[in-house]
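Inspection log for the structure reproduced underneath, given as structure tokens.
Every read-out reported here was derived from the displayed coordinates using simple, explicitly stated rules and does not represent laboratory data. Treat the numbers as computed from the prediction; the structure is a model and nothing was measured. With ideal geometry, Cβ positions are generated from the backbone for all residues, glycine too; neighbour counts draw on all protein chains shown.
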Amino acid sequence: MLGLHHPLLKSIRKAIQRGSRTGDGFCVAEGFHLLNEARRAGTPIGAVLATARAAEQLEGVAEFHLVDEPTLRQLSTVETSQGVLSLLQVEERPLAAAMAGTALTIVLDGIQDPGNAGAIIRAAEAFGATGVVFLKGTVSPWNPKALRASAGSLLRLPFAVCEWEPFRAEAESLGVPLYSAQPRASLRIDELDLSSPAAILIGNEGRGVPDAHQAAATSFRIPTENVESLNAALAAGILLYEARRQRQ
């Protein structure tokens with residue numbers, strides 16, 4: 001049974017604290033759902049930790065290291081742990097892979113909340129996005145909370161991590177126009193042609209899309225009553241639904 005000071009557990013604790021990967025490139029996934037999704041997606045699994053209680057559900061399914069419940073609780077980022085934690089090798093893809101074909105690319109431009117990021121990625125997969133781009137200043141795609149909020153979508157949907165200028169140049173070279181929601185824009189979402197290639201910028205929860213990035217995009221608004229702006233994940237879901245509606 002692994003103790004709290006075992007090198008593997010120290011590496012996992014450090015990755016969780018940093019909200020990123022372990023030193024050898026694995027991200028931390030909590031719960032049975034993500035482990036099962038990883039197995040279905042063919043995602044390489046570096047290690048599985050389980051309590052004796054949880055191990056009963058893993059017999060014959062996966063190799064695992066036993067840890068006691070207090071130790072796993074100290075590592076866990078959820079209120080009620082299911083007693084299982086996995087290390088997954090989730091790799092980013094080339095930028096062009098996230099903008100392939102008739103691109104519908106979601107661009108996270110300064111999103112800080114991992115729960116928002118994960119929810120946006122889940123919606124992106126649900127509504128047929130071709131990929132996701134994490135611009136510099138956005139929460140890490142390997143953040144355990146983002147992975148959990150994506151409910152496994154991060155294991156399947158192509159994503160890339162890059163800075164603004166390489167992304168903008170690649171979008172221009174591929175002929176993918178940029179769009180950004182702004183509360184006071186004159187163009188409405190239903191007036192956009194989202195059946196053609198599109199990359200949609202989703203800005204920081206408080207500050208929105210930076211002015212320099214906004215200048216390179218076509219602005220539009222989601223019509224609302226009484227409130228001016230929407231939560232980033234909710235806005236992204238509406239945008240993706242409209243794109244899916246037009247493409248069908």
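What you get for the stretch 44-85, charging only the Cβ of Lys and Arg (+1) and of Asp and Glu (-1), is a dipole of about 100 debye around the Cα centre.
In debye to the nearest 20, how big a dipole does the stretch 7-88 give about its Cα centre with +1 on each Lys and Arg Cβ and -1 on each Asp and Glu Cβ?
For this selection, approximately 380 debye.
The H on the amide N of T105, modeled in the peptide plane, is under 5 Å from the matching H of T130, A198, A199, I200, each at least 5 residues off or on a different chain. For the chain, take the longest principal axis of its alpha carbons; what is the angle in degrees between that and the long axis of helix 7-18, to the nearest 10 within 0 to 90? Helix 7-18 sits at roughly 30 degrees to that axis.
Ordered by the count of other Cβ atoms within 10 Å of each Cβ, fewest first, M99, M1 give M1, M99.
Ordered by the count of other Cβ atoms within 10 Å of each Cβ, fewest first, D109, D190 give D190, D109. The HN-Hα couplings worked out from phi for the stretch 205-218 by the Karplus form 6.51 cos²θ - 1.76 cosθ + 1.60 (θ = phi - 60°) are 4, x, 9, x, 6, x, 4, 5, 6, 4, 5, 8, 10, 8 Hz, whole numbers, x standing for Gly and Pro. Each of K136 and A169 was given a label point 7 Å from its Cα along the Cα-to-Cβ line. The distance between the two points is 1.3 nm. Once a ≥ b ≥ c are taken as the square roots of the eigenvalues of the Cα gyration tensor of the stretch 7-88, is the result rounded (a/c under 1.5), prolate (a/b larger than b/c) or oblate (a/b not larger than b/c)? Because a/c hits 1.5 or more and a/b fails to exceed b/c, the stretch 7-88 counts as oblate. Were the residues from H6 through L58 laid out at 0.36 nm apart, the gain over their Cα-Cα distance would be 16.5 nm.
The charge dipole of the chain, taken about the Cα centre with unit charges on the Cβ atoms of Lys, Arg (+1) and Asp, Glu (-1), comes to about 200 debye, rounded to the nearest 20.
Rounded to the nearest 500 deg cm²/dmol, what is the calculated helix-only ellipticity per residue at 222 nm for the chain, with -39500 (n - 2.57) per DSSP H run of length n ≥ 4?
Details: 9 runs with 83 residues, N = 248.
Calculated from helices alone, the mean residue ellipticity at 222 nm is -9500 deg cm²/dmol.
Backbone phi angles across the stretch 42-55, fed through the Karplus curve with coefficients 6.51, -1.76 and 1.60 (θ = phi - 60°), yield HN-Hα couplings of x, 6, x, 10, x, 6, 10, 10, 8, 7, 4, 5, 6, 4 Hz in residue order; Gly and Pro are listed as x. By definition, a body whose alpha carbon gyration tensor gives a ≥ b ≥ c is rounded when a/c is under 1.5, and the stretch 95-247 falls into this rounded group. Ranked by how many other Cβ atoms sit within 10 Å of their own Cβ, fewest first, the residues I12, I111, I121 fall in the order I12, I111, I121. The slack between T224 and E205, meaning 0.36 nm per residue of separation minus the straight C-alpha distance, is 5.1 nm. Taking the charge dipole of the stretch 12-102 about its Cα centre, with +1 at Lys and Arg Cβ atoms and -1 at Asp and Glu Cβ atoms, the residue from H65, A50, G101 reaching farthest to the positive side is G101. Here the chain carries DSSP beta bridges of which approximately 30% are antiparallel, counting only pairs with both residues inside. Is the shape of the stretch 43-173 best called rounded, prolate or oblate, per the rule: a/c under 1.5 gives rounded, else a/b larger than b/c gives prolate, else oblate, with a ≥ b ≥ c the square roots of the Cα gyration tensor eigenvalues? Prolate, because a/c is 1.5 or more and a/b exceeds b/c.
For the chain, the longest principal axis of the alpha carbon atoms and the long axis of helix 32-41 meet at an angle near 70°.
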